[in-house]
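Down below is the structure, laid out as structure tokens.
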Amino acid sequence: MKQTVEKQFQDFVTENNCADKKILLAFSGGSDSVALCSLLHIHNIKFAIAHCNYQLRGDESNTDAIFAKDLSKKYSVDFYLKTFDEDQLKDSSIQSNARKLRYDWFTEICRNEDFDLIATAHHLDDNIETFFLRLTRGAGLKGLSGISASKNKIIRPLLNCSKQEIIEYVQRNDLDYREDSSNKKSKYNRNYFRNKVLPLLDKRFPNWRKRSVENMSHLKESDELLYDLVSEKYEGHVRKKSDDVFINIKDLIGESHREMILYYLLREFNFSYNVSLEVLKVFLSTEGTVSGKQFYSKTHHAVSTEKELHISELIQEEAPETFFIGEADRSILVHDQLFIISKENASENIKHFKSNDKNRAVLDSAELNFPLHLRRWRKGDRFKPLGMNNFKKLSDFFIDEKVDLIEKRKKWLLCSGDDIIWISGMRIDDRFKVDNNTDRVIEVCVRTIDEN
């Protein structure tokens, strides 16, 4: 028996524990978002309306914004409006750029106003259109599995409802909604499928939409099965160090279906299938060095080493961080690194202060100027490595020590004024070492906070 829109919405809310959440509704003014707005209100779910005005349809766009605001007053909920300039939509295709702009804005509202979820009114017909769009773009199993009903903070409670069912719901409840005239224009690929292609299939194959949804479900199950099998079989090729991941590519090269295996190993870091092909190309190349090739996804950064691919979460480009250490400070926590500072008089046996522990720096207090500070590596940095007479660029030092780009960017440098005293976890500067003339010693130790 076919379920009503109300029943499908209620089931979704129950299964996804949405009843007590604070929800931001992405509202266009069309029948889909009007229906979802009504359902949220009827079920007493706390929500607010967010509407984007791209000013692409003149007065029609402005009237949509007024309609959205009036509806928020009707339901006594908060209303957020964002008006975008035409220049903001020029960088790429209008539809894809508009999507990025609105989701960035929705995310900002959620962060500032403590919303738990973003609700969109995507429905079954949207899902089918997406399937065909991705099919023409060469998508794999994951892409052809359709839109997710719930992913991260985004929920789509009407995803299993057809467009016709939603229209019947708004008519049955006498709800007004807006018609977007641009939906009738087939110059956009999605509209072309909606207006031209899919109606032909409806005439020829009456049940094809239902079959398509079933096929998407089968593809999703197949994709998840492959992911689990690859992850289990090749877990020995993957090692973790703190938050970073290393995949042994050299050992994968001899495997059958190596491209697909690597894709599934890389996928959780949002790398595409094409990136997996490029990574393999680097390691299969007989020209030049393998190390130092960089790859990016929207969330991660990967660098090739001699045998492995080193993967790390992208560090957002922000103002450089500097952490100061005063003369009276005894410890400082910098992200996950705890620096412990101690002072003592030098003993007659100076060997007592010498150590091969790279996480311990023993320094001559007389050579230091407080406050000391910790910072990241910068281009052009140099120091005089312990045991050497000449200065060396840190970039060259890191290459010699086989420190890749990701690890280099994570290193903390302990500095006195403009001088680098210690590359944390590696080596001190020779100018600050203790010797037979040292009277006072400062010792700095570092450990990660999750160590025992």
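Every number here is computed from the coordinates shown, using simple stated rules; none is lab data. Since we're looking at a predicted model, the values are computed, not measured. FYI the Cβ positions are ideal-geometry reconstructions off the backbone, even for glycines, and counts take in every protein chain you see.
Observations on the structure shown:
- In the chain, the longest principal axis of the Cα atoms and the axis of helix 124-136 are about 60 degrees apart.
- With a threshold of 24 Å on the Cα-Cα distance, the over-threshold entries among Lys7/Lys196; Lys241/Lys293; Lys21/Lys240; Lys307/Lys392; Lys100/Lys298; Lys307/Lys411 are Lys7/Lys196; Lys21/Lys240; Lys307/Lys392.
- Gap separating the Cα centres of segment 385-404 and segment 141-160, nearest whole Å: 49 Å
- Whole-Hz ³J(HN,Hα) from phi, Karplus 6.51 cos²θ - 1.76 cosθ + 1.60, for segment 200-209, glycine and proline x: 5, 5, 4, 5, 7, 10, x, 9, 5, 5
- Positive minus negative residues near Lys82 (Lys, Arg vs Asp, Glu; Cβ under 12 Å): -2
- Cα gyration tensor, segment 234-313 - rounded (a/c under 1.5), prolate or oblate: rounded
- Each label point was placed 7 Å from the Cα along the Cα-to-Cβ direction; for Ile42 and Asp104 their separation is 3.7 nm.
- MRE, 222 nm, helices only [DSSP H, n ≥ 4, -39500 (n - 2.57), over the chain, to nearest 500]: -10500 deg cm²/dmol
- Note: relative contact order over the chain, using C-alpha pairs below 8 Å and six or more positions apart, is 11 percent.
- For segment 5-211, share of DSSP beta bridges that run antiparallel, in % to the nearest 5: 10 percent
- Cross-link reach list, lysines versus Lys210, counting only Cα pairs under 17 Å and skipping chain neighbours closer than eight places: Lys2, Lys163, Lys220
- Sparsely packed trypsin sites (Lys or Arg not before Pro) within segment 355-390, loop by DSSP, other Cβ within 10 Å at most 14: Lys358, Arg378, Lys379
- Of the GluC sites (Glu not before Pro) in segment 355-452, those whose Cβ has at most 11 other Cβ within 10 Å and which sit in DSSP loop: Glu451
- Rounded Å value of the spacing that divides the Cα centres of segment 1-54 and segment 180-236: 23 Å
- Each of Asn53, Asn17, Cys110 was scored by the projection of its Cα onto the charge dipole of segment 1-116, and the greatest displacement toward the positive side belongs to Asn17; charges sit on the C-beta of Lys, Arg, Asp and Glu.
- Options [x] 26.9; [y] 22.9; [z] 24.9 - which one matches Kirkwood radius over Cα pairs in Å as calculated here: [x]
- Cα-based values for segment 323-448, radius of gyration first and Dmax second, are 13.9, 42 Å.
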